[in-house]
Amino acid sequence: MAETELVKITIDDKQIEVPKGMNLVEAAASTGTFIPHYCYHPDLSIAGNCRMCQIEIEGRPKLEIACNTMVQDGMVIRTHHTSKLVEDAQAATLEFILINHPLDCTVCDQSGHCKLQDYHYKYNAQPSRFEEDKVNKVKAQPLGPHVILDGERCIMCTRCIRFCDEVAETSELGMLNRGDKSVITVGEGQQLDNPLSGSVVDLCPVGALTHRDWRFNSRIWYTRETESICTGCSTGCNVKVAVRDNQVVQVKARYNEFVNKEWMCDEGRYGFHRFIPENRLLSPVLKGSQCSIEQALAEAKKLSAQNLYIFISPDLTLEEMTLVKKFIDSKFSEATPVVAYRKRELSELEAKLISPNFAANIMGAEAAGLVNGNAQQNYEDALAALRSGKAESVLFIGERSLFAEDRTDELLASVSKVGLSIGILADADSSLVRALSVVFPERVIAEKSGLMINQIKRLQYLDRLLDFPVGTESAWRILDRISAELGAKLTAAKNDRDFTLEFFASHENFQHTTIQDVKGQGIALDGSGETDSDKREVYSPFLTALGKY
Amino acid sequence: MSEHLQILLKDIKEPDLHTLEGYEKRGGYQTIRKVLQMDPLKVIEEVKASGLRGRGGAGFPTGLKWSFVPRDTGKPVYLLMNSDESEPGTFKDRVLLEKNPHLCIEGMLIAAWALQSNWSCNYIRGEYAYPYERFNNAVKEAYEKGYLGDGVFGSSFKHDMVTHRGAGAYICGEETGLIESLEGKKGQPRLKPPYPAVVGVYGCPTVVNNTETLATLPWIMQHGGSEYAAIGTEKSTGTKLFSASGHINKPGVYEVELGYPILDFIKNECGGILDGKELKCIIPGGSSVPVLKADELEGVNLDYESIQAAGSMLGSGGFIVMDETTDMVEVALNLAHFYAHESCGQCTPCREGGHWIEKIFKRIAFGQGTERDMDLIKDLCKQIGGHTICPFGDALITPALSCMKKYPDEFKIKIERALNGNPVKATDLHYTF
Amino acid sequence: MGLSQEADRKIEEIKAKYPNARSAIMPALYMAQEELGHLTGDAIAWVADKVGVSPAHVMEVATFYTMYYKHPVGKYHFQVCRTLSCAIRGAKELTKHLHQKFGILPHEVSGDGMWSYEEVECLGSCGTAPMCEINDVYFENLTPEKLEEIIKELEATQPDIRYSTLKDAIGAGMKNTRSEVI
């Protein structure tokens, strides 16, 4: 990183040094002072219209907005903490914003995580003096397949418009009219249907834009919000998932400067359920019939390394990938491991955020040494080996270890001809279940926790969102039990958390790492990140293998 | 009728002045030929020496504004003429565009040369269809004659001029609003910094000058800055157009030397108060400046400093005169309605507060005022003024505050009648349809 | 759909005059309004296509400015100035007259499609107050009686008093239109 020039400024009588060119919202944040704001967003252009971030600068005749003021050496700034003028201006701004707001918190999806509520409570908390008629605007107007508008709740911060103009570059949104008649709209003949459209809901600080998919489904305070990552592709967008009654209620993009800013694609956001089969496999299956785990293990134990093909789901955690590698090294070193991997064509817009690797942890597989040569070619070759009858036994680790489009009758017929075929799968309705000799019920990704490496080599933490059904096990645990039957116990861990800690403990480079270190913004393994600069040297040798994705 | 020096309105009544022939016949387009021989920086010095201040309302020194334009960016410099004359009470630029468009063009060319700008645009408010047509025809004439285009007046200087028609938005008179509008967007003022002199239209250094300001340049360059500076007062040099309207016998546009006593102006130029009534108050510089009561006018002159000392502003010179019968509550309502209607809608305090104030004034005017209304308006004004991107917020609160401050009793009477169950009726309203 | 060939040609000419073609949005909207009467969806689409910007941004512009009509107006659209100078000189009487004469509210159109009216903000004609702009022409120093005469004349001769962006000129004039401000 290039040396940045520092300047000295004073915020609320506290002297600090910040990089030149920084705006005052960020500068204040760096010293722990939060300046409230609606329209400002670090990754969008500055609009300066909400007037919430006003501050006092010594020597200036009037209040300035922090978002459009860059630090200058010697600047003396007063925020609402030490300036009555600023405090009053903020209270007034909130009163103004709310005069035409319908105050319909009781029926608003945003209630409970609304910046209007939060700020009003904190910076005004007075009853309104407005007694006139409110302006009426458009209500419940769908803007596209995912987003719905309540014009009366809108505070005209224009974040959504700027997002569509500057990030998605699709410009579907605009602000009609002027003055207090201003209202957001989609253009004539347009729809807010770009691949990132749901991001505008995250950006909307109030309840003007909400998700159509999750409309009126739960008050946010009845949910448990978990910070995790999306496993739709190897971008690994940081998310915050609200869950109630073991169901996903809402998915928000979580800010990560290095990975996804605060954006997220619609496929990932609204598609969490696609990794959760409707009809779950809850007990082992032996030749088409339910069986006990002992019976299944007894059959699985017959597995031999001779022409064994191991299909690996790219959604397995890094720890699991490492265990798969151990499994192979201990008894099946002649086996051919392949990760289900096929690159997808992306539009220019999709490519802004989405990775063509729809294989969340392909980098983890590579780090664990499971990819030799070209992953996609390996996968296609393994399919060919199944078809030609070359494969004498086969092991599918994870529901996503064989793509849905490859589950043709012809291929499944070949699978059923294989001497011994084992699956660790989740979908009871899957045709693959019927084609295999033994099937173990696995937990899906939302029911697991562990480490993932995304495409920019950032180690991130996947947290468990949902409770797993009784009878299921994580893939690593099933694999360990099979291995134990064969006399090679691979891990002492009993749950995902222990398994992660064991992984840290057993890798020299991660000796001092905790799960907490990986949560939040993750860790840059190749040393490119700005955080954790002290750890770069430690981690980089671990991933010397990483390269071509 | 006036004995004032006529710089801008000279020959204005000649029916052929708007044609190129008529303009040249009276000495037009001579100064620009001379200017094109000069060092552009010398031109700026001359304008600085004249003390000319922007005539659009802010009164910022023109030469100084020009000197902020960086000359080494490698980007083109653009010159915009602000003919989006929309300040209530102001109609002076319309006269220049209609009657003497070539004077405006010559002024633009002088500024363009000084700034070394090869492209300029005159932004004329949409309602001025006739002035637009006149000006546009003048530009065509100038092109035909070789006064515009490649090689202006046979020199190597290239200059293209475009006439752009607005479409009804007061805020486009604010220079960055005008720039946005010209770029094909909503006329919402920009955040400053950066200032237009550095990043203006199309991302290039830009100067926006009022029509009257630019039309004054030919005279200044012909006679010299110092001669212009000798007219008027020390700090308010030259002459200025005043648009006189309201309850007077002779409304119209008058050019007077700055420093001219207001009462003389009302008596001589305006021809006194209509129907022999008494003067109540005036708004000296367009609706955005404070009202001055009749008894505040003694000794006040038409120049920037004197009017400021009296508690108002010279502004655009929109001189509105009101007689004794004028209902100040309705004046406040009328102007509050104007500002609420014209708010661009960007900044929260102006967008919401403007309408709020209008609604309260309306209640008072319709006999539904309450005791706390006046204090509430004052408090709202305090939170709008200075809290917005552009000066519109300040423009909005000024008439509201000054009407209430100078005529509190008129408001109180209506409120008290409402509180006593004897409210004024909607049918009693004079100005509100 | 679309506009006339003449409009297609003219818009290219206008675009070329500006350093950035986007500046042609406002003239393009005027042209669309001239040909279609008001700004329909087709008009927005035409402008967006010709100028090369998103329809959403064209709509922003079309709705920000008051002189673009989002709904049909009468063949003669009266715009009575209601701001201070006109107000104190009797603008209300003009609006009242129109209200009674046409029997419609502001922004409504008379049954025969001929008339509509609205109150507008300062038109820069304060010295000749009260006044009314009909289509693109100012009628100043008015009284309800004078306004009535004008309506009669419009009815009888039906002149074109719109400003044509396509032709760069105001249509045929009529007597008693303008007052000299000086």
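The values are calculated or read from the model by the stated rules, or taken from the named source; none is laboratory data. These figures come from a predicted structure and were not determined experimentally. Note: ideal-geometry Cβ built from the backbone for every residue, glycine included; neighbour counts use all protein chains shown. What goes into the accessible areas is simple: the full protein's heavy atoms, side chains included, and nothing from ligands, DNA or RNA. Shrake-Rupley method; radii C 1.70, N 1.55, O 1.52, S 1.80 Å.
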- Note on the structure: Scanning region C:17-57 for residues that are among the hydroxyl-bearing types (Ser, Thr, Tyr) and open to solvent by less than 30 Å² (accessible area, probe 1.4 Å), the one farthest from B:Gly126 (Cα to Cα) turns out to be C:Ser54
- Message: Test of understanding: among B:Pro70, B:Pro101, which residue is assigned by TED's automatic domain parsing to the domain that holds B:Asp160, touching a residue at least 40 places away in the same chain (Cβ under 8 Å) and open to solvent by less than 10 Å² (accessible area, probe 1.4 Å)?
- Response: B:Pro101
- Query: Counting only residues that are of a type in the set (A, V, I, L, M, F, W, C) and under 20 Å from A:Lys122 (Cα atoms), how many does region A:12-35 have?
  - Reply: 5
- Within region B:140-158, track down each residue that is surrounded by 22 or more Cβ atoms within 10 Å (Cβ to Cβ) and within 13 Å of chain C (Cβ to nearest Cβ). B:Leu148
- Task: Could you tell me whether C:Ala87 is more than 30 Å from B:Leu333 (Cα to Cα) and touching a His at 6+ places or on another chain (Cβ under 9 Å)?
- Result: no
- Task: Need at least 3 residues that are within 11 Å of another protein chain (Cβ to nearest Cβ) per element, so show me which strands (runs of 3 or more DSSP E) inside region C:68-182 make the cut, counting only ones lying wholly within it.
- Result: C:76-81, C:115-120
- Message: Considering only region A:430-449, I want to know if a residue exists there that is under 26 Å from the mean Cα position of the chain (by Cα) and farther than 19 Å from A:Asn361 by Cβ.
- Response: yes
- Query: In region B:110-125, is there at least one residue being assigned to a loop (DSSP other than H, G, I, E, B), touching a helix residue (DSSP H, G or I) at 6+ places or on another chain (Cβ under 6 Å) and within 11 Å of another protein chain (Cβ to nearest Cβ)?
  - Reply: no
- Would you mind telling me which numbered condition in (1) among the hydrophobic types (A, V, I, L, M, F, W, C); (2) more than 30 Å from B:Tyr431 (Cα to Cα); (3) more than 19 Å from the chain's Cα centre (by Cα); (4) more than 13 Å from chain A (Cβ to nearest Cβ) C:Met31 fails? (3)
- Message: So, in region A:75-106, how many residues would count as being open to solvent by less than 50 Å² (accessible area, probe 1.4 Å) and assigned to a loop (DSSP other than H, G, I, E, B)?
- Response: 8
- Query: In region B:180-198, how many are in contact (Cβ under 8 Å) with a residue 60 or more places away in the chain, more than 9 Å from chain C (Cβ to nearest Cβ) and within 16 Å of C:Glu60 (Cβ to Cβ)?
  - Reply: 2
- Query: Quick one: B:Arg372 ticks every box in (1) closer than 30 Å to A:Pro61 by Cβ; (2) open to solvent by less than 50 Å² (accessible area, probe 1.4 Å); (3) more than 31 Å from the chain's Cα centre (by Cα) bar one, so which box is it?
  - Reply: (2)
- Query: Mind checking which residues of region B:407-433 are crowded, with 18+ Cβ neighbours inside 10 Å and in contact with a strand residue (DSSP E or B) (Cβ under 9 Å, 6 or more places away or on another chain)?
  - Reply: B:Tyr407
- Of the residues in region A:128-170, those that are over 30 Å from B:Ile364 (Cα atoms), free of Cβ contacts under 8 Å to residues at least 12 places away in the same chain and either in a loop (DSSP other than H, G, I, E, B) or open to solvent by less than 10 Å² (accessible area, probe 1.4 Å) (or both) number 1
- Query: Do we have B:Ala365 as at pLDDT 95 or above, open to solvent by less than 10 Å² (accessible area, probe 1.4 Å) and within 14 Å of chain A (Cβ to nearest Cβ) here?
  - Reply: no
- Spans of strands (runs of 3 or more DSSP E) in region A:171-223 with at least 3 residues within 14 Å of chain C (Cβ to nearest Cβ) and not hydroxyl-bearing (Ser, Thr, Tyr): A:173-176, A:183-186
- Message: Looking only at region C:58-86, count every residue that is surrounded by 20 or more Cβ atoms within 10 Å (Cβ to Cβ), polar (S, T, N, Q) and within 18 Å of C:Tyr30 (Cβ to Cβ) and tell me the total.
- Response: 2
- Task: Within region A:1-44, count every residue that is in contact (Cβ under 8 Å) with a residue 12 or more places away in the chain and open to solvent by 70 Å² or more (accessible area, probe 1.4 Å).
- Result: 9
- Message: Being open to solvent by 10 Å² or more (accessible area, probe 1.4 Å) and either closer than 19 Å to B:Lys13 by Cα or in contact with a helix residue (DSSP H, G or I) (Cβ under 9 Å, 6 or more places away or on another chain) (or both) is the filter here; which residues of region B:264-278 pass it?
- Response: B:Gly272, B:Ile273, B:Glu278
- Query: Does B:Ser316 satisfy being under 26 Å from A:Arg159 (Cα atoms) and surrounded by 24 or more Cβ atoms within 10 Å (Cβ to Cβ)?
  - Reply: no
- Output the number of residues of region B:305-349 satisfying the condition of being more than 14 Å from chain A (Cβ to nearest Cβ), assigned to a helix (DSSP H, G or I) and either among the aliphatic types (A, V, I, L, M) or within 21 Å of B:Phe392 (Cβ to Cβ) (or both). 9
